[in-house]
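Enquirer: The structure under discussion is supplied below as structure tokens; questions concerning it will follow.
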Amino acid sequence: MMRTLFIFSILGTSLHAESMAAPATPAEKAWLILQQGLANKRAEKRANAVHALRLLPNNARAQRMAENALADQNPTVRAAAARALGAIGSVSSVLKLKTGLNDKEPAVFLAAAHSLFRLGAREEAYEIDYEVLIGERKGADGFVASQIKELKSSKTVAMMGVETGIGFAPFGGAGYELFKRIGRDDHTPVRAAAAQELAADRDPKITAALTKVCSDKKWRLRTAAVDAIARREDTTLLNAIIPVLDDKNSIVRYDAAAAVLRLSGPRAGSDD
């Protein structure tokens, strides 16, 4: 009897501790999801989590998280962090991004240059353009092609590399055309692109469509819909995103977390 009471006492204490530690609001849960992703031992998870920070413009906490990821030992994570800082609009991160221009990995210095261009530091970006164009930047010439090849085994992380190449002048749209031809599913990239294009359209039927796609069976479409809804900045759609925090795909969860924070407003735990 005493043994049984002791066991129930331990269980009760454990459950109480868990309830005390559980996030109280969707915003707190969202930050926790991103923090856990950035602390994951797998580089793929860390890269995907920092990539989601792109949806949080002018957010000081997101900026610090991305800046910390610039020092990650994995180049894919560093590249994702560099690209996220440009999307966040972190002008104060320019000096830290400039250090990325000296990175030996093409994905990193291309992402850093792209973000510097977005943030107004275009002289450095033009210099990288020039070095790539004349062949001084070794390894950059075959960057997109190598990432496309990598997609066959790791589509998630490599796609970030392809996006970096696509956003950089020397590679134009060739990378995306190759990406569309990979595998048997040519429709998902097109539908995902459509979701992005419709982000600014306020037609109620578009809103309903994006909300519906949040539960599509294709994870790429779910994350594209979440991204589009976040960019619409329509706070009435917050309840459509909150359930996606429990999506089975970690990429969708990370993007949903960032979307929840964006739609929750600037007071959603912006400070540590």
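Each value in this text was obtained by applying a stated rule to the coordinates, not by laboratory testing. On a predicted model such as this, the values are computed, not experimentally measured, just so you know. FYI the Cβ positions are ideal-geometry reconstructions off the backbone, even for glycines, and counts take in every protein chain you see.
Enquirer: Counting other Cβ atoms within 10 Å of each Cβ, which trypsin sites (Lys or Arg not before Pro) in the stretch 192-257 have at most 15 and sit in a DSSP loop?
Expert: Numbers: sites: 202, 205, 212, 217, 218, 220, 222, 231, 232, 248, 253; in loops: 202, 217, 218, 248.
Those satisfying the criteria are 202, 217, 218, 248.
Enquirer: If I model a spin label as a point 7 Å beyond the Cα along the Cα-Cβ vector, how far apart are those points for residue 211 and residue 193 in nm?
Expert: 2.9 nm
Enquirer: From the cross-link list 45/212; 218/248; 41/104, which pairs have alpha carbons spaced over 18 Å apart? Display every interim value, and only then the final one.
Expert: On the way: 45/212 26 Å; 218/248 12 Å; 41/104 23 Å.
Distance filter (> 18 Å) returns 45/212; 41/104.
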